[in-house]
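> The structure follows.
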Amino acid sequence: MSNDFSNGEFAGNMSGYRDKGFAQRSGYGDKPCLLVVDFIVGFTDPSTPLGGDFSSQLAVTNRLLPAFRSAGLPVAYTTIAYEPHFRDAGIFIKKVPSLAILLKGSRMVEVDSRIKPQPGDRIIEKKFASAFFGTDLDSYLRSQGVDTIVMVGCTTSGCIRASAIDSLQYGYYTVVVRDGVGDRPEGTHEANLLDIDAKYGDVVSAADVLEHLQSKSAAGGLATQANDDFMGWWNQGR
């Protein structure tokens with residue numbers, strides 16, 4: 001596994017990090033989950049106050065989804081949704097008033113139809129940046145035997161960064177898909193990817209993830225793990 005910071009200003013910065021002992025590779029564990037962070041209409045429609053053009057990142061996500069599903073691996077999505085009184089938005093909505101478009105039950109909080117969830121996928125509703133904060137994501141992942149989170153979504157400087165930090169802090173191998181995450185300003189996107197890669201997780205390409213899944217599948221690892229997990233669950237209920 002390698003990172004993608006290979007040239008330009010960011011390569012120089014990453015080299016400085018490495019000289020001080022940062023930016024090592026933590027790699028993958030035994031069972032990954034694909035976590036799709038906030039690819040909801042309120043963010044993926046460029047005409048909304050919160051929106052940006054994430055069409056290329058959505059296309060990358062659509063390459064990863066069938067690979068995870070065919071391997072019997074969990075897929076989880078997050079959305080942000082608020083009650084009409086917005087008391088559940090706390091100070092966050094004072095800082096970012098545009099969050100008011102994310103009303104529970106509205107089209108704005110629906111997962112983008114280009115990456116539509118399938119039966120068996122998990123949808124996590126959150127109120128703040130991290131996919132973990134105030135949600136049952138951690139308990140869901142542990143119930144599935146997951147030890148690795150592969151992350152796509154938006155935005156890199158906000159919900160991706162916050163979720164990556166918490167993923168590490170909850171003890172998960174954390175992998176952020178460089179070409180599967182996006183932000184509004186490119187500079188902010190690049191700076192946060194560099195910092196995530198230095199401190200919290202491995203920033204890799206979608207091709208790296210797919211290669212890892214294929215190698216595990218060829219070795220029988222993913223199929224065996226999925227079968228063992230199912231049999232463990234089945235036997236618990238008998």
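The values are calculated or read from the model by the stated rules, or taken from the named source; none is laboratory data. A quick note: this is a predicted structure, and the numbers were derived from the prediction, not measured. Heads up, the Cβs are rebuilt from the backbone with ideal geometry, glycines too, and the neighbour counts pull from every protein chain shown.
> Consider residue 184 against the criteria (1) exposed (fewer than 15 other Cβ atoms within 10 Å of the Cβ); (2) charged (D, E, K, R); (3) modelled with pLDDT under 95: it satisfies all of them except one. Which criterion is unmet?
(1)
> Additional query: When you check residue 109 against the structure, is it under 21 Å from residue 58 (Cβ atoms) and either in contact with a Pro (Cβ under 7 Å, 6 or more places away or on another chain) or at pLDDT below 95 (or both), yes or no?
It is false that residue 109 is under 21 Å from residue 58 (Cβ atoms) and either in contact with a Pro (Cβ under 7 Å, 6 or more places away or on another chain) or at pLDDT below 95 (or both).
> Going by what's in this entry, would residue 157 be described as modelled with pLDDT of 95 or more and within 13 Å of the chain's Cα centre (by Cα)?
It is true that residue 157 is modelled with pLDDT of 95 or more and within 13 Å of the chain's Cα centre (by Cα).
> Working carefully through the options 90, 72, 51, find the one that is more than 15 Å from the chain's Cα centre (by Cα) and touching a residue at least 40 places away in the same chain (Cβ under 8 Å).
72
> What number goes with the only condition from (1) touching a residue at least 12 places away in the same chain (Cβ under 8 Å); (2) under 21 Å from residue 210 (Cα atoms) that residue 116 does not pass?
(1)
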